[in-house]
Each structure stands twice: as structure tokens, then as C-alpha cells.
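K.L.:
The structure under discussion is supplied below as C-alpha cells; questions concerning it will follow.
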Amino acid sequence: MTTETTTDKPGISAAIIVSEGKVLMVRRRVSEGELMWQFPAGQIEDGEDVQEAAVRETVEETGLVVAATKLLGKRVHPKTGRLMSYTACQPLQGEARVADEEELDAVAWVAHSEIKEYVPYGLYGPVQEYLDEVLPR
């Protein structure tokens, strides 16, 4: 008898997009109806690497075209048990908006000082360190 481990599920790739001193966050419609802020993210598809997935998910969810600049880190998410990867991205064209209305409820450009209001339980260390470096405080 085999038990399914978290690594049997495709990983999730998140895009950390910084523009004009703010980071892009999206508010998901999660099944409990409780709305939750996070980075644009989604499941990695067959044949994709984590950076390609971050770029594709950003376009699908927000309509914003981005380029991946560097992988910030990977971990098993403490709340979901899913393998997560985080990719720094820069905007190329478009305006961030709710492009996928089934998945998202809102988008916001968040200043460094506001991150805790959006994500009270704190960000993954390498993501926070990257934002500490690139966002004005």
C-alpha cells in the first residue's frame, strides 16, 4: 500500500513581481469563501520549469506579461504541504488586473510597509529578504 506524498502533486510556482517600489499580490477566492492575499501562482505543468510556470500563471491570472529574473527559493509550504518555488519577475507589458475571475477577486500593488497587513503570518525567508533589498522602506 502506498501513501501519497506531497511531492506526488505538481509543484506550485509563484511570481514575485516588483514594479515602481511595490510588489504585486492577488486575492484568491478559496473554497471556504475566505479571501486570501498571495503572489500570483499556480501549478507547474508537464514540461515546464518553475520560471516558465511563474510567467504563464502571472499572465493567466493578472494579464501582466513578465520576465523571470531569478529563482529565489523552494520549500514545502507549511500551510498547504505543496512544493513551492518562488521566482523574481519583472513586468514587461500590460497592467495587472483580475484576468481570471474564477480564481481571483482582486489585485494590489503592495508597499513594503503594507506586506504584514496582507500576509500577517509572514513571508518565506528568501522572498522577504529579496523584497527587503528591492523595495524602498
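The values are calculated or read from the model by the stated rules, or taken from the named source; none is laboratory data. Remember, it's a predicted structure, so these values are computed and weren't measured experimentally. For neighbour counting, all protein chains shown are included, and Cβ atoms are generated from backbone atoms with ideal geometry for every residue, glycine included. Each accessible area value is taken on the protein alone, full model and side chains, heavy atoms only, with ligands, DNA and RNA left out. Shrake-Rupley method; radii C 1.70, N 1.55, O 1.52, S 1.80 Å.
K.L.:
Return the subset of LYS9/LYS79; LYS79/LYS116; LYS9/LYS70 for which the Cα-Cα distance in this structure is over 21 Å, preserving the input order.
P.N.:
On the way: LYS9/LYS79 15 Å; LYS79/LYS116 17 Å; LYS9/LYS70 24 Å.
Correct reply: LYS9/LYS70.
K.L.:
Here's a follow-up. Quick check: the angle from helix 50-62's long axis to the longest principal axis of the chain, C-alpha only, nearest 10 degrees?
P.N.:
60
K.L.:
Could you give the accessible area per residue of the chain, probe 1.4 Å, as a whole number in Å²? Don't skip to the answer; put the middle values down first.
P.N.:
On the way: 7790 Å² over 137 residues.
Accessible area per residue, the chain: 57 Å².
K.L.:
How do TYR118, TYR86, TYR130 rank by accessible surface area computed with a 1.4 Å probe, from largest to smallest?
P.N.:
Numbers: TYR118 55, TYR86 10, TYR130 35 Å².
Solvent-accessible surface, decreasing: TYR118, TYR130, TYR86.
K.L.:
Can you give me the P(r) profile for the chain? Cα pairs, bins 10 angstrom wide beginning at 0, each as a whole percent.
P.N.:
Per 10 Å bin, starting at zero, the Cα-Cα P(r) for the chain comes out as 12, 44, 36, 6, 1, 0 percent.
K.L.:
Now for a separate question. Take ARG29, project a point 7 Å from its Cα along the Cβ direction, then tell me which residues of segment 63-104 have their backbone nitrogen under 18 Å from it.
P.N.:
Zone members listed by number: 63, 97-104.
K.L.:
Per the 1.4 Å probe, what fraction of the accessible area of the chain, in percent, lies on carbon and sulfur atoms?
P.N.:
Numbers: 3660 of 7790 Å².
Percent of accessible area from carbon and sulfur atoms in the chain: 47.
K.L.:
Another one. Would you compute, from DSSP H runs of 4+ residues alone, the mean residue ellipticity of the chain at 222 nm, taking -39500 (n - 2.57) per run and dividing by the full residue count, rounded to the nearest 500? Don't jump to the answer; show the numbers that get you there.
P.N.:
Numbers: 3 runs with 27 residues, N = 137.
After summing the helix terms and dividing by residue count, I get -5500 deg cm²/dmol.
K.L.:
Segment 96-133 to segment 48-63: how many Å between their Cα centroids?
P.N.:
The distance from the Cα centre of segment 96-133 to that of segment 48-63 comes to 16 Å.
K.L.:
Angle check, please: helix 125-134 long axis (alpha carbons) against the longest principal axis of the chain (alpha carbons), in degrees 0 to 90, nearest 10.
P.N.:
That works out to roughly 20 degrees.
K.L.:
Same structure, new question: Can you tell which of ALA96, THR58, LEU72 lies farthest toward the positive end of the dipole of the chain, using +1 and -1 charges on the Cβ of basic and acidic side chains (Lys, Arg; Asp, Glu)?
P.N.:
The Cα lying farthest towards the positive end belongs to LEU72.
K.L.:
Next up: Find how much the distance from GLU103 to GLU133 grows on full extension, using 0.36 nm per residue of separation minus their present alpha carbon separation; answer in nm with one decimal.
P.N.:
Net length gain for the segment: 7.8 nm.
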